[in-house]
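Every number in this text was worked out from the coordinates using simple rules, so none of it is lab data. Predicted, not measured: the structure shown is a model, and the values here were computed from it. Neighbour counts run over all protein chains shown; Cβ positions are idealised from the backbone, glycine included.
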Amino acid sequence: MDKLLDNILVVDFSQFLSGPSTSLRLADMGARVIKVEKPVTGDICRTLYVSDVMLEGGESTIFHAINRNKESFVADLKETASLESVKKLLNHADVIVHNFRPGVMERLGLDYEKVKVMNPGIVYGEISGYGQEGEWKDLPGQDLLAQAVSGITYLTGSGEEAPVPMGVAVADIIAGTHLTQGILAALFQRMRSGEGSLIQVSMLESLLDFQFEVLTCFLNDGNDLPVRSKVNGAHAYIAAPYGIYQTADGYLAIAMAPVTKLADLLQVNALCGYTNPQDWFNKRDEIKAILAKALSTKSTAHWLAILEPEDIWCADVYDYDRLIVSEAYKLLKMEQWVTSNGLKVKTTRCPVRVNGKSLTSPKGAPSLGENSREIEDEFDL
């Protein structure tokens, strides 16, 4: 039952993070993923270092994290014989994934219109940076750049601070998630109609959807820009006390809570005058400043012991060191070991459970061209 996509063949031309995150999730669900890579260098992500962590053989941890449970087939798409071999392979495919810039697959003769002539049932998934039209369509679809133009960097941080990007490749991963959703829906439709589909996602559209909550507020509020709180900013449209506060020994996150109740529980007399809920937004900076001063005097554990029994939504703020030794983290069993040519890599597992069972596999990322010969023989390429 854990092989939900058993007998589904995915041919993946994508590189970096967005497209590979789609094929990773399909592989987690039981699909067979053949990663098509160029000779010598392969996926550029093999040598994309987001830290100084390099695995044996010189490949990056991020490549191994996002390409586990796949096969590697080397093909030079600019060379006629290799291109013809790939076209033969596509005749057997259920799904294609790519994240090339607009026009690249058309020039190769591998665009949807041409592939569906060969394989009418193909589900063709593509990710671009900014869509297929307009002045931005040829710009590089890179995560930080997509965040920069999406407006999302003005939601993080406080007051007049500079725009702050999210510390994770959110545009890549959200776009990959959206493409996975579209592909799964198209596969379901194909079961009924026998016809394939073209599924298109752009990183910009994915980031806009990611912000649907705040964008809807903006679009229905006379286009007034969201204003970040000057003190302990966390959400531009949520009133005090929402934010993260420094304590005597760490940090405490407090979500939505009545300021009057906090004043009583924490014995902060300076908060007692804020009885009008409207003021909790209009005067949130001064409320947060008072709260921040009070919370800094005692430990996080001290405040949690007061707030949690009273059902105040709050939490300790963990870094990775503290998180991975916590009982809650251990119970999730989110870590797994995968093996790639004798190299063992610890990484995360798919977050989906099916009938109570986690979707895991010990198969690591392939070496460049590791499966080329077997694939050529299997599909008579």
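Using the 10 angstrom Cβ neighbour count as an exposure proxy, how do 272, 45 rank, fewest first? Before the final figure, lay out each step's value.
Values: 272 12, 45 22.
By the 10 Å Cβ count, ascending: 272, 45.
Where the centre of each part is set by its Cα atoms, how far does segment 55-102 sit from segment 277-318, in angstrom?
Their Cα centres are 50 Å away from one another.
Grab the Cα-Cα distance for residue 106 and residue 267, subtract it from 0.36 nm times how many residues apart they are, and report the gain in nm with one decimal.
Working: separation 161, 0.36 × 161 = 57.96 nm, distance 6.72 nm.
Full extension of this stretch gives 51.2 nm more.
Tell me, in nm to one decimal, what length is gained between residue 378 and residue 84 on full extension, where the rule is 0.36 nm per residue of separation less the Cα-Cα distance? Write down the numbers at each step before the final one.
Working: separation 294, 0.36 × 294 = 105.84 nm, distance 1.56 nm.
Result for the pair: 104.3 nm of gain on full extension.
If I take every Cα pair under 8 Å that is 6 or more residues apart in segment 175-285, average their sequence separation and divide by the length, what percent do I get for the relative contact order? Kindly include the intermediate steps, with their values, before the conclusion.
Details: 103 pairs, mean separation 17.5, N = 111.
With pairs under 8 Å counted, the relative contact order is 16 percent.
Treating the beta-carbon of each Lys and Arg as +1 and of each Asp and Glu as -1, no other charges, what is the dipole magnitude of segment 191-350 about its Cα centre, to the nearest 20 debye? Don't jump to the answer; show the numbers that get you there.
Details: 15 positive and 19 negative charges, 92 e Å.
Taking the Cα centre of segment 191-350 as origin, the dipole is about 440 debye.
Which trypsin sites (Lys or Arg not before Pro) does segment 328-357 hold that lie in a coil by DSSP with at most 13 other beta carbons within 10 Å? Intermediate results must be reported in sequence, preceding the final value.
Details: sites: 330, 333, 344, 346, 349, 353, 357; in loops: 333, 349.
Answer by residue number: 333.
For a quick check: with amide H placed at 1.01 Å from N, whose amide H comes under 5 Å from residue 234's, ignoring anything fewer than 5 positions away on the same chain?
Excluding prolines and chain starts, which carry no amide H, the hits are 229.
For segment 17-38 and segment 151-204, compute the distance between their C-alpha centroids and round to whole Å.
Result: 16 Å between the Cα centres.
Tell me the mean residue ellipticity at 222 nm calculated for the chain from its helices only (DSSP H runs of n ≥ 4, each -39500 (n - 2.57), averaged over every residue, nearest 500). Could you put the intermediate results ahead of the total?
Details: 16 runs with 138 residues, N = 381.
Calculated mean residue ellipticity at 222 nm is -10000 deg cm²/dmol.
Identify, among 313, 350, 379, the residue whose Cα sits farthest towards the positive end of the charge dipole of segment 261-381, taking +1 on the Cβ of Lys and Arg and -1 on the Cβ of Asp and Glu, with the dipole about the Cα centre.
The one lying farthest along the dipole's positive direction is 313.
Among 296, 150, 326, whose mean-square fluctuation peaks in a Gaussian network model of the chain (Cα, cutoff 10 Å)?
Of the options given, 326 has the highest mean-square fluctuation.
With springs only between Cα atoms under 10 Å apart, run a GNM on the chain and tell me which of 95, 164, 40 wobbles the most.
Evaluated over the chain, the most mobile residue of the options is 40.
Would you mind calculating the gained length between residue 160 and residue 144 on full extension (0.36 nm times residue separation, minus the Cα-Cα distance), in nm to one decimal?
So the extension gain works out to 3.7 nm.
Under a 5 Å amide H to amide H cut-off, with H placed in plane at 1.01 Å, what residues pair with residue 197 once short-range neighbours are removed?
123, 124
Enumerate the amide H contacts of residue 99 below 5 Å, restricted to partners 5 or more residues apart or on another chain; note that Pro and chain-start residues carry no placed amide H.
When sequence neighbours closer than 5 places are left aside, the close amide H contacts are 14, 15, 127.
Please turn the phi angles of segment 200-207 into ³J(HN,Hα) values with the Karplus equation 6.51 cos²θ - 1.76 cosθ + 1.60 (θ = phi - 60°), one per residue in order, whole Hz, x for glycine and proline.
10, 9, 10, 4, 5, 4, 5, 5
For segment 64-75, take each phi angle, set θ = phi - 60°, evaluate the Karplus expression 6.51 cos²θ - 1.76 cosθ + 1.60, and give the result in whole Hz per residue in order, putting x for glycine and proline.
Working through the residues one at a time gives 5, 5, 9, 10, 5, 6, 10, 10, 10, 10, 8, 8 Hz.
With θ set to phi - 60°, apply the Karplus curve 6.51 cos²θ - 1.76 cosθ + 1.60 along segment 19-27 and write out the HN-Hα couplings as whole Hz, x wherever there is a Gly or Pro.
x, x, 5, 5, 5, 4, 5, 5, 5
Of the residues 160, 37, 195, which exhibits the maximal mean-square fluctuation in a Gaussian network model of the chain defined by a 10 Å Cα contact cut-off?
160
So which of 298/346; 3/87; 3/38; 38/333; 3/346; 230/298 end up more than 31 Å apart, counting from Cα to Cα? If you can, show how the numbers build up before the last one.
Values: 298/346 38 Å; 3/87 27 Å; 3/38 29 Å; 38/333 36 Å; 3/346 22 Å; 230/298 23 Å.
Check vs 31 Å cut-off fails for 298/346; 38/333.
Assuming R0 = 51 Å, can you tell me the calculated FRET efficiency for the pair residue 248 and residue 353, based on Cβ-Cβ distance, to the nearest 0.05? Don't skip to the answer; put the middle values down first.
Numbers: r = 39 Å, r/R0 = 0.76.
Step by step, r from the Cβ atoms, then E = 0.85.
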